[in-house]
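Asker: Okay, here's the structure, questions in a sec.
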Amino acid sequence: MLQRIFGRASTEMPAHLNLSPPHRAEHIGSLLRPADLLAKRIEFEEKKCSAVELRAVEDTCIAAAVQLQQETGIKTITDGEYRRDAFYNGMFETLDGMTVMPFRPLDTFMSYVPYVAIFKAMQIPGYSSVYCTGKVTRNKGVYTEDFKYLTSIVAPEDIKNIKQTMCGPTWMHLRHGSEFTYDTTVYSNDVEYFADLVQAYREEIQALYDLGCRNIQFDDPTFSFYCDESMIAGMEQAGVDHEALLGMYIAVYNNIIRDRPVDLTVGVHTCRGNFKGMHYSEGSYARISVRLFRELDVDCYYLEYDNIRSGTLEPLRYLPLYKVVVLGFITTKTGELESVAEIKARVEQAVEIISQGEPRRSKADALQQICISPQCGFASVCEGNPLSEVDERKKLELVVGAAREIWA
């Protein structure tokens, strides 16, 4: 057990290192949708059942998903994102001022964004999206009712373990750029647009906190896309100042979560795409590691490290003393099961790098800053990844089993 090998953490580690959450054995959030839920959603989309009927099936399936998490030993509880078609659903579709468009021409999407480049290669003429047509305001809850339902089916002492996932605030802006994200008669520039969007996010997070939520996870591939040289080259060709844009995105996050309660853990999950097991980009976190770890004011980072496309663990050397990394060593793209020995070896490597980083710290202290998880959810879109529910259970049990051996 690595905990015994490296010894106890020093008393010099920051007292505000936010742990539990995240827990040593984590998962990102989305789970494979049961067949009856997928069938009912199709019925709903074909107008063959009501929203009430769909929600009843969702409720039943979510209760089963919570049971799965508890049976496997996972402490973090999510609703599996069963009420969404894709991980990014929720915020943009619900806020006033946002208009859902079933079809937006592909020339309103930024061609340098990795998945947009794939769409263009496939000659897809357009895609559903959101366009800001009015002032952004939050006049009703986005995830609050979903959170309330989860609190009704778990023990009171487990409410603190509920994790609310949500789409990151940069998603639509990276997709459409300043020119096509908002109506310029409504907002004349990015500063005005993001000021209102930040306020809407702050109100939603406060409402969730008031309901008992103590764990927020932003899902945002934006930061990982920045690791892909093809996107950087495309931005430069388009005349986009990518470093300034990254700085603006970091500032947006920091403004959303500034002055947050000390008992609220905020994390960001960033991966390289996970559409039915297919990735969109590749590249090491090295390109953004200093800014990601030092400037983005979150408590923890959920990072993708399940294959060679993710690069080495070297960027972890910039992890500050007061932050946590949840290392995604277990893949959700296939059912192939990793070994505990392999996971332990990679954790040891991460410990070595973090301990020798800037600033240096003991290996025991470095180990305290690490948790493990799958690299992404099991179903970033409702159709899910190419693995079975049995595979999913085994993956979650593997995360728990490995964590017990490492931190027992």
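Asker: Taking the range 304-331 only, how many residues are surrounded by 21 or more Cβ atoms within 10 Å (Cβ to Cβ), under 18 Å from residue 18 (Cα atoms) and without any contact (Cβ under 8 Å) to a residue 60 or more places away in the chain?
Answerer: Matching residues across the range 304-331 total 4.
Asker: Could you tell me whether residue 129 is among the small types (Gly, Ala, Ser), free of Cβ contacts under 8 Å to residues at least 24 places away in the same chain and on the phi < 0 side of the Ramachandran plot? Full working, then the answer.
Answerer: Numbers: among the small types (Gly, Ala, Ser): yes; free of Cβ contacts under 8 Å to residues at least 24 places away in the same chain: no; on the phi < 0 side of the Ramachandran plot: yes.
Judged against the criteria, residue 129 is not a match.
Asker: Continuing with the same structure: Do the conditions hold for residue 257, that is, is it modelled with pLDDT under 95 and among the β-branched types (Val, Ile, Thr)?
Answerer: Working: modelled with pLDDT under 95: no; among the β-branched types (Val, Ile, Thr): yes.
No.
Asker: Still on this structure, I have one more. Out of the residues in the range 86-114 meeting the condition of being over 30 Å from residue 144 (Cα atoms), open to solvent by less than 30 Å² (accessible area, probe 1.4 Å) and outside any loop (DSSP other than H, G, I, E, B), tell me which one is modelled with the lowest pLDDT. If you could, list the steps in order and put the result at the bottom.
Answerer: So the first thing to find is which residues in the range 86-114 are over 30 Å from residue 144 (Cα atoms), and the list is 105-114.
With the extra rule that they be open to solvent by less than 30 Å² (accessible area, probe 1.4 Å), the set shrinks to 106, 108-109, 112-114.
After this cut, where a residue has to be outside any loop (DSSP other than H, G, I, E, B) as well, the list is 106, 108, 114.
Values: 106: 97, 108: 98, 114: 93.
Across the range 86-114, the extreme among qualifying residues is 114.
Asker: Could you go through the range 268-278 and let me know if any residue there is of a type in the set (D, E, K, R), touching a His at 6+ places or on another chain (Cβ under 7 Å) and within 25 Å of residue 173 (Cα to Cα). If you could, list the steps in order and put the result at the bottom.
Answerer: In the first step, residues of the range 268-278 are kept if they are of a type in the set (D, E, K, R); the result is 272, 276.
This time we only want the ones that are touching a His at 6+ places or on another chain (Cβ under 7 Å), so: 272.
Next, only the ones that are within 25 Å of residue 173 (Cα to Cα) stay: 272.
Within the range 268-278, one or more residues are of a type in the set (D, E, K, R), touching a His at 6+ places or on another chain (Cβ under 7 Å) and within 25 Å of residue 173 (Cα to Cα).
Asker: Go through (1) in contact (Cβ under 8 Å) with a residue 24 or more places away in the chain; (2) open to solvent by 50 Å² or more (accessible area, probe 1.4 Å); (3) of a type outside the set (Val, Ile, Thr); (4) more than 30 Å from residue 159 (Cα to Cα) and name the single condition residue 342 misses.
Answerer: All conditions are met except number (1).
Asker: Could you tell me which of the residues 232, 256 is farther than 24 Å from residue 93 by Cβ, among the β-branched types (Val, Ile, Thr), in a helix (DSSP H, G or I) and open to solvent by less than 20 Å² (accessible area, probe 1.4 Å)? Show your work before the answer.
Answerer: Values: 256 fails: farther than 24 Å from residue 93 by Cβ.
Being farther than 24 Å from residue 93 by Cβ, among the β-branched types (Val, Ile, Thr), in a helix (DSSP H, G or I) and open to solvent by less than 20 Å² (accessible area, probe 1.4 Å) holds for just one of 232, 256, which is 232.
Asker: Taking residue 240 as meeting all but one of (1) in contact with a strand residue (DSSP E or B) (Cβ under 9 Å, 6 or more places away or on another chain); (2) assigned to a loop (DSSP other than H, G, I, E, B), write down the number of the exception.
Answerer: Failed condition: (1).
Asker: In the range 145-163, which residue that is among the aliphatic types (A, V, I, L, M) and under 17 Å from residue 264 (Cα atoms) is surrounded by the most Cβ atoms within 10 Å (Cβ to Cβ)? It would help to see each step written out before you state the result.
Answerer: The initial filter retains those residues of the range 145-163 that are among the aliphatic types (A, V, I, L, M), namely 150, 153-155, 159, 162.
Next, only the ones that are under 17 Å from residue 264 (Cα atoms) stay: 159, 162.
On the way: 159: 17, 162: 23.
Per the criteria, the residue is 162.
Asker: I'd like to check something: does the range 119-140 contain any residue that is of a type outside the set (Asp, Glu), part of a helix (DSSP H, G or I) and surrounded by 16 or more Cβ atoms within 10 Å (Cβ to Cβ)?
Answerer: In the first step, residues of the range 119-140 are kept if they are of a type outside the set (Asp, Glu); the result is 119-140.
Next, from what is left, pick out any that are part of a helix (DSSP H, G or I): 119-121.
Then keep just the ones that are surrounded by 16 or more Cβ atoms within 10 Å (Cβ to Cβ); that gives 119.
The answer is yes, given that some residue of the range 119-140 is of a type outside the set (Asp, Glu), part of a helix (DSSP H, G or I) and surrounded by 16 or more Cβ atoms within 10 Å (Cβ to Cβ).
Asker: Taking the stated definitions as given, is residue 51 among the aliphatic types (A, V, I, L, M) and exposed (fewer than 15 other Cβ atoms within 10 Å of the Cβ)? Don't jump to the end; show me each part of the working.
Answerer: Working: among the aliphatic types (A, V, I, L, M): yes; exposed (fewer than 15 other Cβ atoms within 10 Å of the Cβ): yes.
Yes: the conditions hold for residue 51.
The values are calculated or read from the model by the stated rules, or taken from the named source; none is laboratory data. Predicted model only: the values in this text are computed from it and were never measured. Don't worry about glycine lacking a Cβ; one is built from the backbone with ideal geometry, like all the others, and counts go over all protein chains shown. Ligands, DNA and RNA are stripped out before the accessible areas are found, and what is left, the full protein with its side chains, is counted by its heavy atoms. Shrake-Rupley method; radii C 1.70, N 1.55, O 1.52, S 1.80 Å.
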